[in-house]
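The values are calculated or read from the model by the stated rules, or taken from the named source; none is laboratory data. On a predicted model such as this, the values are computed, not experimentally measured, just so you know. Here the Cβ positions follow ideal geometry from the backbone for every residue, glycine too, while neighbour counts run over all protein chains shown. Accessible surface areas use protein heavy atoms only, side chains included; no ligands, DNA or RNA. Shrake-Rupley method; radii C 1.70, N 1.55, O 1.52, S 1.80 Å.
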Amino acid sequence: MIPWLERGAPFPPLERALREPNGLLCAGGDLSPTRLLAAYQHGIFPWYSPGEPILWWSPDPRMVLLPAEFRISRSLRRCLRSGRFQVRLDSDFPAVIRACAEVPRVGQDGTWISPAMQDAYWKLFQIGIAHSVETWRDGELVGGLYGLAIGRMFYGESMFSRVADASKVAAAHLARFLEEERFGMIDCQMNTPHLASLGAREIPRAIFLERLRVLVSQAWQPGRWPGDAASQPWT
C-alpha cells in the first residue's frame, strides 16, 4: 500500500518507495509548478497512464548520463558532421512535447504524456525551467527531446524521432550544450538499451541523491535557452 498525497502535503521519505514496482513512492497530489519543482529537486518524478491517479516515482538504482560521457558512434559522428539536420533549442516546445506523446514507440501502447502533463510542462517552460532540443530537416520537425533544468542538473523526460538518428542528434547537442554550461548530470530515470547505448549507466539512488543535492543548489538562471547555441559545427 502506497501513501496518498494530499494537496499541499510533502512527499514521503524515499526509503518508503516500493521495490516492486521499482521506485513507486506515492499517489495523488497535483501537477502544479510548485509540486513538480519540489518533486524533481528531491529525485522524484510523475509517471502514470490516463485514467490512473498521479503516481510519483524514485527508482533505485537510477539511470544517469554524465554530459562528458555521451557516447558518439562513428555513424552518429558522420551524421553530425554532415549537416543533414538543423538543431534548435527552445524554438517550439509545444510541438516537441506533443510529438513525444503522439509518435509511436516499439513495445508501448499509448502514452503517459497526457494533455494534463503537457499543460504542466508548458507552464514550466514559460518560467524557464523546461526546455526542448529540436531536430529539423527542410523546415520540418523530425526529432527532439524535452526536460527540465534546475541548478546545474538536467532531467530528461522524453524524446521522439520521425526519421533515423533525429533523436540521437538532439541528444548529442544537448550533452555538448550541458557540458559547456557545466551541468553535472542528466537524469534518465529508467534503464533502457537505447539510453545505455548513448553512455547512460545506473547508479545507486543514495549516490544519485548526493550528487543531485549539490547540483540543484548551484547557481543557474532560469530562462529560454539561446536558439543558436546548437548551431556550432562538429569536428
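Before moving on, here are some points about what is shown:
- Mean-position separation - Cα centroids, the stretch 47-125 and the stretch 168-235, in angstrom: 13 Å
- Summed residue charge, Cβ within 15 Å of ARG224's Cβ, Lys/Arg positive, Asp/Glu negative: -3
- Sum of side-chain charges, THR135 neighbourhood, beta-carbon under 11 Å (Lys, Arg +1; Asp, Glu -1): +2
- In a reduced charge model with +1 at each Lys and Arg Cβ and -1 at each Asp and Glu Cβ, the stretch 31-97 shows a dipole moment near 600 debye about its Cα centre.
- FRET efficiency estimate (nearest 0.05) - Cβ-Cβ, ARG84 to ASP228, R0 25 angstrom: 0.85
- The local environment of ARG88, defined by Cβ-Cβ distances under 9 Å, has a net charge of -4 under the rule Lys, Arg +1 and Asp, Glu -1.
- Leading residue at positive end of dipole, the chain (Cβ point charges), from LEU55, ALA9, TYR40: TYR40
- Along the chain, the exposed loop sites are GluC sites (Glu not before Pro) outside DSSP states H, G, I, E and B with at most 16 other Cβ atoms within 10 Å, and the longest stretch free of them is 7-180.
- Candidates per trypsin sites (Lys or Arg not before Pro) in the stretch 137-195, loop by DSSP, up to 16 other Cβ within 10 Å: ARG162, ARG182
- Taking amide H as placed 1.01 Å from N in the peptide plane, CYS26 has its amide H under 5 Å from the amide H of TRP56, each at least 5 places away in sequence or on another chain.
- Taking the convex hull of the alpha carbon positions in the stretch 8-130 and averaging its projected area over all directions gives 10.0 nm².
- For the stretch 1-86, the set of trypsin sites (Lys or Arg not before Pro) satisfying both a DSSP loop assignment and a count of at most 10 other C-beta atoms within 10 Å is given as ARG7, ARG19.
- Computed log₁₀ I(q)/I(0) - Debye formula, equal Cα scatterers, no solvent, the stretch 129-188, q 0.15, 0.19, 0.20, 0.22 Å⁻¹: -0.41, -0.64, -0.70, -0.81
- Summing Cβ point charges (Lys, Arg +1; Asp, Glu -1) relative to the Cα centre of the chain gives a dipole of roughly 640 debye.
- Counting only Cα atoms, the chain measures 52, 34, 34 Å along its principal axes, largest extent leading.
- Compactness check for the stretch 118-231: Cα Rg over 2.2 N^0.38 Å is 1.07.
- Beta bridge orientation in the chain: antiparallel %, DSSP, nearest 5: 85 percent
- Rh by Kirkwood over Cα pairs, then Stokes-Einstein D for the stretch 22-70 at 1.306 mPa s and 10 °C, µm²/s: 132 µm²/s
- Of HIS194, HIS42, HIS173, the order by accessible heavy-atom surface (1.4 Å probe, DNA, RNA and ligands excluded), from most exposed downward, is HIS42, HIS194, HIS173.
- Think of the stretch 81-156 as having a plus end and a minus end, set by charges on the Cβ of Lys, Arg, Asp and Glu; of SER132, MET153, ALA99, MET153 sits farthest toward the positive end of this dipole.
- Placing unit charges on the Cβ atoms of the charged side chains and taking the dipole of the stretch 82-186 about its Cα centre, the candidate lying farthest along the positive direction among GLY143, MET185, ALA164 is MET185.
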